[in-house]
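The values are calculated or read from the model by the stated rules, or taken from the named source; none is laboratory data. Quantities reported herein were computed from a predicted structural model and do not represent experimental measurements. Quick reminder, even Gly has a Cβ in these numbers, built from the backbone with ideal geometry, and neighbours come from all protein chains shown.
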């Protein structure tokens, strides 16, 4: 495990198995510099441990953002007898690191859906795995419903057949209107559903980041498509104006 993963990705109250030597030489290495995101300034940066205090199994760590001099604080339980670390407090929170990055999707998701994505991240950051899966699944279902509405308006889908189909079949039927990553990884939905109905909190939390990133990749693909479309429309208008200007010159 890297310092970036421990400080910026691991949720509170998640017990991490690590021996004392590895913890000292990696997680709490005060000489190293590691990458991370500063949610207050919304910039990628590098960080160092500026303060480290250990007393009776409780560790206080202060990180310093080398780009902005911002200070992040962490409180950690170190149980050497069990070789485990557990964050019990931090500021800014895990949610703060990821939620600020969601704003780039404001042209793809409604305020309601952005809030649901935010809730998913916030729940996971506070150790609620199953609840976080519920909100991730809602985002996934929204993307499918959006593609279905487009196909329905175009008149190129059989509504009765679609409504009776399982999700994997629905995705196949809508594949021409869905991001490639989603079509190729349609198992994301079944994993989220299994998490809600069968898996425990710990298992859901262990896999939350993988599924969150998967959905972000899907949104990134849609965002790239939107930006390309906007760029094409802008170029068309400029070329049309140029053609008119040349004709009238």
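Exactly one condition in (1) surrounded by fewer than 16 Cβ atoms within 10 Å (Cβ to Cβ); (2) out of contact with any strand residue (DSSP E or B) (no Cβ under 6 Å at 6 or more places or on another chain); (3) closer than 19 Å to residue 124 by Cα is false for residue 10; which is it? Here residue 10 meets the rest and fails (1). Annotation: residue 62 fulfils all but one of (1) touching a helix residue (DSSP H, G or I) at 6+ places or on another chain (Cβ under 8 Å); (2) modelled with pLDDT of 95 or more; the unmet one is (1). The listed residues are 222, 234, and the only one of them that is farther than 22 Å from residue 11 by Cβ, in contact (Cβ under 8 Å) with a residue 24 or more places away in the chain and part of a helix (DSSP H, G or I) turns out to be 222. Can we say residue 213 is outside the structural domain of residue 12 (by TED's automatic domain parsing) and part of a helix (DSSP H, G or I)? Yes; evaluated as a whole, the condition is true for this residue. Consider the stretch 16-49 and keep the residues that are within 22 Å of residue 126 (Cβ to Cβ) and loosely packed, with under 15 Cβ neighbours inside 10 Å. The one that is farthest from the chain's Cα centre (by Cα) is 17. Meeting the requirement of 3 or more residues that are under 28 Å from residue 215 (Cα atoms), the strands (runs of 3 or more DSSP E) wholly within the stretch 42-101 are 43-55, 84-91.
Residue by residue, here is whether (1) farther than 13 Å from residue 219 by Cβ; (2) in contact (Cβ under 8 Å) with a residue 12 or more places away in the chain holds:
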site: 105; (1), (2): no, yes
site: 121; (1), (2): yes, yes
site: 135; (1), (2): yes, yes
site: 138; (1), (2): yes, yes
site: 146; (1), (2): no, no
site: 155; (1), (2): yes, no
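Looking only at residues of the stretch 3-31 that are in contact with a helix residue (DSSP H, G or I) (Cβ under 8 Å, 6 or more places away or on another chain) and part of a loop (DSSP other than H, G, I, E, B), we find that the one that is nearest to residue 47 (Cα to Cα) is 29.
Residues in the stretch 150-171 that are part of a helix (DSSP H, G or I) and either touching a helix residue (DSSP H, G or I) at 6+ places or on another chain (Cβ under 8 Å) or exposed (fewer than 12 other Cβ atoms within 10 Å of the Cβ) (or both): how many?
15
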